[in-house]
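All remarks here apply to the structure that follows.
The values are calculated or read from the model by the stated rules, or taken from the named source; none is laboratory data. Computed from a prediction, not measured in an experiment: that's the story for all the values here. In this analysis, Cβ positions are derived from the backbone assuming ideal geometry, glycine residues included, and neighbour counts consider all displayed protein chains. Note: accessible area is taken over every heavy atom of the protein model, side chains too, but ligands, DNA and RNA are not part of it. Shrake-Rupley method; radii C 1.70, N 1.55, O 1.52, S 1.80 Å.
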Amino acid sequence: MSRTRTAMLAALALVAGASGTALAATVPADVGTAAVPCTVDYKVQNQWDTGFTAAVTVTNQGSAKSNWSVKWSYAGNQKVTSGWNAKISQSGAAVTATNETYNGTLSTGGSVSFGFQGSYSGTNAVPATFTLDGVTCNVDDGSGPTDPPDPGPTGPKVDNPYSGAKVYVNPEWSAKAAAEPGGSRIANQPTGVWLDRIAAINGVNGGMGLRDHLDEALTQKGSGELVVQLVIYNLPGRDCAALASNGELGPTELGRYKTEYIDPIAAILADPKYAALRIVTTIEIDSLPNLVTNTGSRPTATPQCDVMKANGNYQKGVGYALNKLGDAANVYNYIDAGHHGWIGWDDNFAASATVMKEAATSEGATVNDVHGFIANTANYSALKENNFTINDSVGGKSVRESKWVDWNRYTDELSFAQAFRNQLVTTGFNSGIGMLIDTSRNGWGGSARPAGPGAMTDVDTYVNGGRYDRRIHVGNWCNQSGAGLGERPQANPAAGIDAYVWIKPPGESDGASKEIPNDEGKGFDRMCDPTYTGNPRNGNNMSGALPDAPLSGHWFSAQFQQLMQNAYPPLS
């Protein structure tokens with residue numbers, strides 16, 4: 001799963017054998033001092049006997065564009081069969097890629113990425129010449145010097161950043177946990193550091209900022225390896241399907257997201273002082289799947305999500321974050337992948353992977369900027385349901401027909417994460433990507449935990465009697481009553497899983513149970529109100545939320561106590 005970046009493509013070609021992977025050619029030493037009107041980075045990512053996938057990144061150094069067209073010709077018999085993030089056509093050896101409606105803008109110094117799958121036989125030479133709107137790229141136009149290209153990371157990434165490493169314990173969270181009766185049992189567990197607004201970079205209300213956490217991480221590191229977990233969470237129009245976690249930036253404030261939020265974070269992470277840390281970023285939870293599940297004519301659609309789908313700022317923001325943060329050799333980007341109770345259905349599964357691919361190939365990012373994905377962030381879905389499987393049936397009815405499963409393909413997070421990883425690879429992500437699963441609050445232990453399968457009376461009795469997840473509905477997400485701490489953080493727990501992690505710090509609220517005026521941009525979401533009778537996203541069921549909850553991110557002592565009480569594995 002090591003991540004590589006290629007330099008800009010020079011005007012020459014490489015040929016790889018049928019069993020290998022073609023690499024983009026490196027840029028000549030003098031290109032960085034020449035006036036190059038545009039550059040094209042053409043990278044063959046995967047190659048097999050008869051086919052290949054490729055990623056193309058175009059950078060414009062000329063005047064800004066509202067539409068663009070990139071052209072090249074193959075020396076061999078390569079044929080483009082499908083593409084993404086661009087409209088690609090081919091006539092003979094000549095290929096033309098033009099923008100989609102959402103990525104036509106290409107500013108001076110701006111980049112756009114797209115990809116495709118193709119077929120070939122014999123050799124698969126990288127095209128020698130590319131043009132952008134008729135102008136030849138990667139060649140000095142004689143007008144003078146420009147800035148040198150980004151050299152990219154200076155060293156290789158490890159396959160799994162969690163392997164052989166300690167993980168950072170946030171002292172602020174640890175102190176709150178230790179102050180609770182019985183909290184010292186888990187106060188030394190590693191949790192995520194949430195950068196959920198611009199002010200969090202420097203610290204809020206006298207609290208620790210990003211540099212403070214990284215400095216403390218160096219102290220905790222000692223002579224071994226240490227992972228620091230950061231949550232990048234401040235997209236324009238954030239969390240368009242909920243109110244409790246709305247952010248400070250409006251739907252169109254992509255510029256502020258870039259310059260006031262991502263750029264300062266990237267600058268800090270690039271400081272050589274922190275090069276010895278392994279920095280894992282969870283990129284923008286509760287964002288991309290909304291563009292699939294909560295838009296258009298679906299009964300779960302919201303006007304806010306329709307706006308974000310139309311303006312493309314979720315994809316652009318995620319792409320920009322991946323690109324800028326991924327430039328540091330010790331940063332490992334993991335994109336939020338929702339959870340099985342959100343995108344486990346047939347009409348959400350592959351479509352969500354496609355949207356994630358669009359984001360990962362926009363604003364200069366490529367799939368090489370993605371080290372993996374994280375499932376169940378800040379959610380409650382059970383890690384593994386042992387008392388029933390998706391293949392069971394009762395009285396001639398499949399488990400999928402039960403009200404709880406409701407035709408989902410998955411019953412728990414482990415099976416979902418492993419299957420979604422395969423889907424992501426099929427969609428064009430690197431085959432070495434790893435998955436993380438947030439197990440901070442999905443233990444569902446205590447006296448309500450079933451000891452075995454439910455009665456075989458009917459399929460609903462069977463599933464409801466045996467499921468560990470005791471929520472009223474799988475769509476309930478706010479301060480869930482009865483939840484417990486899950487598996488403790490650990491590396492390499494299952495095939496394809498880099499780690500179980502506690503990205504959501506246990507004890508921090510998901511949202512207020514009633515409206516609380518605040519200056520944090522956080523609205524009142526009825527899904528956090530225990531009296532709420534629901535909406536289409538939770539099957540019009542009760543919310544299952546705990547009462548008397550504070551604003552999202554604030555300490556919720558009653559929930560913390562319940563999480564410890566219902567921990568599974570139990571706390572000693």
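Scoring 485-496, 319-330, 280-291 by mean Cβ neighbours within 10 Å over their residues and listing the highest first yields 280-291, 319-330, 485-496.
Of all DSSP-defined beta bridges confined to the chain, some 60% are antiparallel rather than parallel.
Between ARG185 and ASP306, the C-beta separation translates, for a Förster distance of 45 Å, into a calculated FRET efficiency of about 0.50. Full extension of the chain between ARG298 and THR259 yields a length gain of 10.6 nm, computed as 0.36 nm times the residue separation minus the alpha carbon distance. Entry note, the chain: the mean residue ellipticity at 222 nm calculated from DSSP H runs of n ≥ 4, each adding -39500 (n - 2.57), is -5500 deg cm²/dmol after division by the residues and rounding to the nearest 500.
On a straight-distance basis, which aspartates and glutamates could pair with LYS522 in a cross-link, Cα separation under 12 angstrom, same-chain partners fewer than 8 positions away excluded? Straight-distance partners of LYS522: ASP196, ASP239, GLU248, ASP510.
Ignoring lysines fewer than eight residues from LYS403 along the same chain, the ones with Cα atoms less than 27 angstrom from its Cα are LYS384.
Each of (i) 41, 33, 22; (ii) 42, 27, 22; (iii) 51, 28, 22 is a candidate for semi-axes √(5λ) of the Cα gyration tensor in Å; the one calculated from this structure is (ii). Highest mean first, the peptides 431-438, 235-242 sorted by other C-beta atoms within 10 Å per residue fall in the order 235-242, 431-438. For the range 366-476, the dipole from Cβ point charges (+1 on Lys and Arg, -1 on Asp and Glu) about the Cα centre works out to 140 debye, to the nearest 20.
Quick one: pull the percent of accessible area on the chain belonging to carbon and sulfur, 1.4 Å probe, ligands and nucleic acids left out.
51
Dipole check for the range 38-137: with +1 at the C-beta of Lys and Arg, -1 at the C-beta of Asp and Glu, and the Cα centre as origin, the magnitude is about 100 Debye.
For the peptides 78-84, 475-481, residues were scored by their other Cβ atoms within 10 Å and the scores averaged per peptide; the highest-first order is 475-481, 78-84. Counting 0.36 nm for each residue step from TRP48 to ASN202 and taking away their Cα separation leaves a gain of 50.7 nm.
Charged neighbours of VAL126, selected by a Cβ distance under 14 Å, balance to 0 (K, R count +1; D, E count -1). For the range 324-374, the dipole from Cβ point charges (+1 on Lys and Arg, -1 on Asp and Glu) about the Cα centre works out to 120 debye, to the nearest 20. In a shell of Cβ-Cβ distance under 11 Å around THR98, excluding THR98 itself, what net charge do Lys and Arg (+1) and Asp and Glu (-1) give? That sum, taken over residues with Cβ under 11 Å, equals 0. The residues neighbouring ALA353, those whose beta-carbon lies less than 15 Å from its own, together hold a net charge of -1 under the Lys/Arg +1, Asp/Glu -1 convention.
Accessible surface computed residue by residue for the chain, with neighbouring protein chains in place and a 1.4 Å probe, gives 37 Å² per residue.
Estimated at 0.36 nm per residue, the fully extended path between THR98 and ASN518 surpasses their Cα-Cα distance by 146.7 nm. Between the alpha-carbon centres of the range 475-524 and the range 295-331 there is a gap of 21 Å.
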